[in-house]
Structures are given as structure tokens and as C-alpha cells.
Amino acid sequence: MKRFTIFILFLIISIVTFAQNTIKGVLLDDEKGESIPFAQVFLEGTNHWSSTDINGYFVINKIPDGSYTIKVKYIGYEEYSESVTLKRQTITRNIHLKPASMRLKDVVITADKTRERKMQTQVSVEKITASQIQQMPSIGGQADLAQYLQVLPGVNSTGDQGGQLYIRGGSMIQNLTLLDGMVVYNPFHSIGLYSIFETDVILNADVFTGGFGAEYGGRLSSVIDITTRDGNKRHHTGKVGLNTFGANLVLEGPLKKEKNNSTSTITYLLTAKNSYLSRSSEIIYPYIDGGLPFDFLDLYGKMSINSGLGSKVNFFGFHFDDRVNGYQSLADFHWKNYGAGASFALMTGSSSVVDGTVAYSSYNISLDDGSGTPKYSGIGGFNMSLGISNFFGINRLKYGISIEGYSTDYRYTNAYGVNRAQDENTSSFSAYATYNAHLGKWLLDPGVRFVYYASMAEPSFEPRFAAKYNVSDKIRFKLATGLYSQTLLDARSDHDIVNLFTGFLTGSGQLNIPAYYNDEPVETCVQKAQHFVAGVEYDAIEHLTINAEFYYKNFSRLLGMNHNQIYDRTDPAYNVGGVYEKPQYYMTDFIIEKGHATGVDVSACYDLERLYLWFTYSLGFVKRTDEVQTYSPHYDRRHTVNLLATYALGEERQWELSGRWSFGSGFPYTQTAGIYENLHFGGGIVTDYVRENGQIGVYYDELYAGRLPSYHRLDLAVKRKFSIGKRGILELSFSVTNAYNRNNIFYFDRISFNRVNQLPILACLGANFTF
């Protein structure tokens, strides 16, 4: 407690920093009043500049006395210029950028793009905006983050159905997803074409596929950090969409507008999205046997109180519900997310920003596959954070603390009839610091994170480091490394050919795990990983950037459900006075593993006025080793290819053509070695085994030794926009999913040999009206 108090005092005192001259403020869209993130604000003819943060806030300090010209150049906006004279003072500017005309938007400011890439390390990270997502071929014109994530390098998905992403050798549960700073445990729907997030309200999404900085923790593989907009501060606006799959609605506007004597505002943002595919598919897609019983309802709301000087408080909440009933008469499954929270950003009188979040969220999933043993998993918890950013010229120091706590509830029966259950609580405390330094051609991001897992009384010290070296205006080398930890582990069946159920468990001292792993004592349940990433960025020609990265993730300690368990550890026949009569790795509920993921990701982006081309290729290898075998887990995909093309036609770009082709080599699965009749001998030695009716049993082959067929799909779309009145826009769309009707596997029943494919060819009409 004494150390914690000293740390808090240090955070508070460090808010006050001193600089000879400072220019600070917020960059805003003049039309909507919303912040503009990641734009460059600089003093012309000098090396003094700043990049706006996610809230549009910027600080340029340590400026000598003199006269300067503030410049802002940002794609899609008119250039801003202002002359100022400084003499040992701090000035604050709210800079409003006016959207450029369509002709000016055609001029790509290549110098600004190059400067931005040179001034950020950006190792294993993709920054995504709503406009980028909308370049994807989309179902009925409803562009979605889930579809865009699937074309990023290093990202693999289960396809059209299933709603699971695997990022650079990590399982689904090793991905951290944040919505406005709140933890979201499952951000995708059962139909893999949709996420739970409404695209039109996304301000920015940072996707870290590895080597992420000290600001993030609690996961071993990756981070998806999503920030939503605050809502229109000038006008009440909205958008309504309707297509053959579902409908969506967005409403936003000011509850309190700016006045002459006050720049403070209050805004609201409301979204609703649902699928009625279970009903519409019976009429529109009658050729699909069993229909498409995918139903979901997403609700999200946000209220923002803005001071007008950059400080603000947000209140937000969501409820996402997903249900599939009797799909192909195989299973009913249902999952539900809900949560609420608040966040704030405080722009201090000095060159500092204080931000924080308090939130709670919950996730529940259930599956009934007719086996008589329904599966259920639930997790709910809170997360709180406080961070401070100090600016020192073009360098930045950020540090803070976070607290997280959650409970898990799990019920499952494995393939051998062994029941498993867990009802557990856990919590952790973290402190971190990271420093962004510009030293000539070098950009350095050292950082450190300290985590204390209270439920296990175990600390974890996790240094992080990232760097970029600007060889020239065209070539940049980069690398990142770090140590990572987590206590959550996923619970799934390794014997399902395609798995529909993934549960959440937490590592704790109460877990039934082996006392030894390869003759070494097991002293902790905290999972560990180490990342190393190295890459190069190359501006081959104007408008074409090529990026290549090599990665290695060493999972030095993993916990998982014991796929080798064939004996019930509570059975007196095998557990005599706490002494196991069989090897522990055949009896314990959980197992210790090690593993690694290695691969290379290559991407190329060509962005010129009306034409946008995107190409990615990923080569990956994932291995896990327990005390029985070394195997490739179910998400080990060797090759992944994505091609995306978008072209705008017409003087006002009112027409848009887009296409996407994706390919993925087959995922591993455990093959069937044989089928037999399993007799229980209920009558003991006098059982008439000749006449007794047993149950069908499966003899499984080597774990994950088989490979499913390759997955590939072509999607096409065309859009046409019509201007209606001053602000109204009607967009009509026609799209085709799986244009050449590829039979990609979704589910396979070992007993009945019934195969269910993913989505067949689907044509979709849609209309969106923005007002």
C-alpha cells in the first residue's frame, strides 16, 4: 500500500511540466465538430511538430521565442495556416478543419503519408478507420469490421460462420478486445460476416498482431482496441439501412450545442443492428437446405460531455445478443454480451493529458448439440485504468495503472464422459510506463509493465521494446519484442471436427493440473509468452507501400483443457488417498503445454485517387507440446492470401465497384480411426453382453493429424450514391457473397457423416439512407 500511494503521488505531481513556450489544443472537423485523430500539426520551417492523439489533442512545447506559422495538412481537409508570436507563454487553439471539395480529395498528400509513417514505430499494428472498412465488398452495403479484419496480414478466421479469429498463432482467448477502454470477451457473431460493432460509429481501431506496447496486458497474442466517435456536435443526423440479411440504425446529435459564451457540448450516439436472416432466408434463399437461422440484435449507446477545450467525459453501454436455433438439426447455440462504463480525458493546464476508464462487461455462451450434455460458459468482470501522458517536445512519456477482476462459470462434459466445472474469481493489478523518443533517424519505444495476479499472489515483470530506423524516405526497418502473460484459458473440445463452442476458464491455484511437467515441478498457473517481430517498410513507387514482417512467439507456459484425460480423477479406483494410480497427464482436468508460432506476413497497398488495391500473404507455423505429443492446434493455417480491389466511378465518385478474394489452406482436425459399440456392463460380470445395447463410441486418431479442405471465396459488390437535399445521401447496393459457390466446410458429424457447408452463393440487395 505504501508503494502504491507513492506511485499515485508521482502520477499526480508529474502532471505539472514546464516548457519555455507551448502551443496546444484540439483538432476538430468543422462540419461535425468531432475530433480528428493522428493528424500532423507543425510549425512551418522548423522541427517542432505534434501528432494528434485519439481525442484530437496535440501539444507542441519547448519552442523558443519568436514568430511562427502553424500548419495542418490532412487528407480530405483544406490546409490550415495561422501565424503566431510566442514569448514565454502557452497558447491554446481549437483548430477547425474544413472538409475539402471532391476535387481536392483527389490530391493525395504523399508527403504527409510518408511523414506519418516515419514518425511512428507501427510494428505489427494496423490502424483502421470507418472509411477503410467501407471499401470492402459488403453484404447489402453494410460494411463491417469483422470482414475487414479477415484481410489483415497474420489474421485467420473460421470463415462465414463460427465467429472466431486467430491472430499470428494465438487462440481466440489470447486476443484482447477493447471498446472505448472496456473489455469485450467475444466481439463477433455466429455468422462470421458481422462483428458486434457498428462501422459508422468507429473512430479508429488499432489491431496489434504482436509485439504490443506496455499500455496493454492480460493477453498473450494480440490486441484489438476500438474507439467510437462522440457524436455530431452540430446537427441531429442519422443513418438507416435495410437489406436481405438485416437492418441497422444510427442516430446522433447534440443535446447541448456550442454558444457564444460557452464552447462546451453534450452529444448522444445510438446504434441498433439486427439480423432477420432466419426468416428472410426462407423466402429469398429457398435453395439452402435448413435455411440460415442466424439471428442477432446489437444495441449501443454513448453520451459525451465535452468541455470545448479537449477535456471530456463519456458514458456508454451495450447489449449484444446472438442466437442460432436448430441449424441443420445439429445444434442450438446462444451467446450474449452486455456491459457499461465511463471514460474521461482531462487536458491539464500544462503539457499533460490524464485519461481513465471504469467499466463492467459480461459474456455467456451455451450450446446444446443433442448429446444430452449441454455446454455452458460465462465470464463477467470489471476493468479500471488511469493513465497520464507528458509531452517533451516531440517525445512522449505515458504511464499509468489498471485493475481488472472477473469471475468464470463453466460446465462441460468431454468425449469420454468426464464432467468438468469451474466457478472461480480472480483479479490483477498493473502499472506501466512507456516512452516514445525521436533520436535522429531512430524512433524508440521502450516500456515496462508490472502485473500482480492477486488471486495467485504472483508478480509478473514484462519489459517491452519497439524501434524504427528511417534509412531513407523510402525504406524503414522496424522491430518489437516483449514479455506477456495471462490467466484466462479457453475450453473447447479437441475432438470436434469443426468446433462451435469455446468457453472461458481462469488459471488459479485451484486448478487441477499436473504437479510436474517433464519432471520439473509446476509452481504457477500464469501463462507466459515472448514476442519478437522484425520487418521493413518500402515505398516502392509513389502511392505503393510494401510491408514485410517476420514474427516469432514463444509460448513458454500454457494451460489448457486436458485432451489426454481418459480417467476421472475423483474415481476411487484411480485416486487412492490423493495418490493417482495412473500418470497425471491422463487424469488431471488441465494440462501444461509449451509452444511457438513462427511466420512471415507480406502486404502491399496501392492507393491512388479512385483506385485502391490491397494484397496480403501470410505463411505461418504453430506447434504445441505436452507430455504425450507435439501437435499443430486447430488454428494452425499454413497459407493465407487476400486480394482486395475498389474503384470509384463518376465525377462525384457516385459509383463504386469492389471485389475480394480470400484463400486459406486447411485447418488441422483429429481424424476418426474407428467406430465401435461401447458396452457399459451395468450388470457387472453377469451382464449379457450379447444382448446388451451399448452406445456408439469413437476411436480417435492422432491429435490434429488431419487437414480440412482449403477455404476460398470471392465476394463482389457495386454501390450507387444519390444526393438528396443538403445532407441526405441514398446509397443502393448489390452484392454477391461466394460468387462461384465454393463448398467450404462448416461442420461435420462423425457419427452420421453429415457435412454442413458454409454460406453458398448469396445475392443481396441493400439500401442505406444518411440524413
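The values are calculated or read from the model by the stated rules, or taken from the named source; none is laboratory data. Here the structure is a predicted model, which is why all the values come from computation and not from measurement. So basically every Cβ, Gly included, is an ideal-geometry build from the backbone, and we count neighbours across all protein chains shown. The accessibility values were calculated without ligands, DNA or RNA, using every heavy atom of the protein model including side chains. Shrake-Rupley method; radii C 1.70, N 1.55, O 1.52, S 1.80 Å.
In the chain, carbon and sulfur make up what percent of the accessible area (probe 1.4 Å)? Heavy-atom surface of the chain belonging to carbon and sulfur, 1.4 Å probe: 57 percent. Taken over the chain, the convex hull of the Cα atoms encloses 159 Å³ per residue.
Note on residue 30 and residue 641: with the Förster distance fixed at 41 Å, the Cβ-Cβ geometry gives a FRET efficiency of about 0.45. When only alpha carbons are used to place a centre, the range 142-161 and the range 24-56 end up 31 Å from one another. Under the simplified labelling scheme, the residue 542-residue 452 pair shows an inter-label distance of 5.8 nm, with each label point 7 Å from Cα along Cα→Cβ. Between 0 and 90 degrees, rounded to the nearest ten: what's the tilt of helix 2-13 against the longest Cα principal axis of the chain? The helix 2-13 is inclined about 30 degrees to the chain.
For the chain, what does the accessible surface come to per residue with a 1.4 Å probe? Please give it in Å².
Details: 31580 Å² over 771 residues.
With all protein chains present, the chain gives 41 Å² per residue.
Placing +1 on the Cβ of each Lys and Arg and -1 on the Cβ of each Asp and Glu in the range 637-771, which of 685, 766, 714 has its Cα farthest towards the positive end of the resulting dipole? Positive-most Cα among the choices belongs to 766.
Under the convention that each Lys and Arg Cβ holds +1 and each Asp and Glu Cβ holds -1, the size of the dipole of the chain around its Cα centre is about 2580 debye. The residue 566 and residue 319 beta-carbon pair, evaluated with R₀ = 35 Å, returns a calculated FRET efficiency of approximately 0.25. Were the residues from residue 707 through residue 274 laid out at 0.36 nm apart, the gain over their Cα-Cα distance would be 152.4 nm.
Multiplying the residue separation of residue 619 and residue 530 by 0.36 nm and removing their Cα-Cα distance gives an extension gain of 30.1 nm. Give the separation of the Cα centroids, the range 298-367 to the range 477-492, in Å. Taking the Cα centre of each part, the range 298-367 and the range 477-492 sit 23 Å apart.
The radius of gyration of the Cα set in the range 176-244, together with its Dmax, comes out at 14.7, 44 angstrom. For residue 621, the accessible area of its heavy atoms, probed at 1.4 Å with every protein chain present, is near 90 square angstrom. The Cα-based radius of gyration of the range 719-771, divided by its Kirkwood radius, gives an Rg/Rh of 1.34. Computed over protein heavy atoms with a 1.4 angstrom probe, the accessible surface ordering of 172, 182, largest first, is 172, 182.
Approximating the spin labels as points 7 Å out from Cα along Cα→Cβ, the residue 677-to-residue 732 distance works out to 6.5 nm. With a simple spin-label model that places each label point 7 Å from the Cα along the Cα-to-Cβ direction, the separation between residue 522 and residue 475 comes to 4.9 nm. When the Cα positions of 455, 307, 272 are compared along the charge dipole of the chain, 307 comes out farthest toward the positive end, with charges on each C-beta of Lys, Arg, Asp and Glu. Dividing the summed helix terms, -39500 (n - 2.57) for each DSSP H run of n ≥ 4, by the number of residues in the chain produces a 222 nm estimate of -1500 deg cm²/dmol to the nearest 500.
Basic side chains Lys and Arg get +1 at the Cβ, acidic Asp and Glu get -1 at the Cβ, and with that the dipole of the range 605-735 about its Cα centre reaches some 820 debye. For the pair residue 20 and residue 653, the difference between a 0.36 nm per residue extended length and the Cα-Cα distance amounts to 223.1 nm.
May I ask you to work out the translational diffusion coefficient for the range 620-771 at 25 °C, viscosity 0.890 mPa s, via Stokes-Einstein with Rh from the Kirkwood sum over Cα pairs, reported in whole µm²/s? Intermediate results must be reported in sequence, preceding the final value.
Numbers: Rh = 20.5 Å.
Stokes-Einstein gives a translational diffusion coefficient of 120 µm²/s.
Rounded to whole Å, the principal axis extents of the Cα atoms in the range 610-683 read 83, 30, 15, largest first. Given a Förster distance of 35 angstrom, what is the FRET efficiency for residue 771 paired with residue 309, based on the Cβ-Cβ distance and rounded to 0.05? Step by step, r from the Cβ atoms, then E = 0.70.
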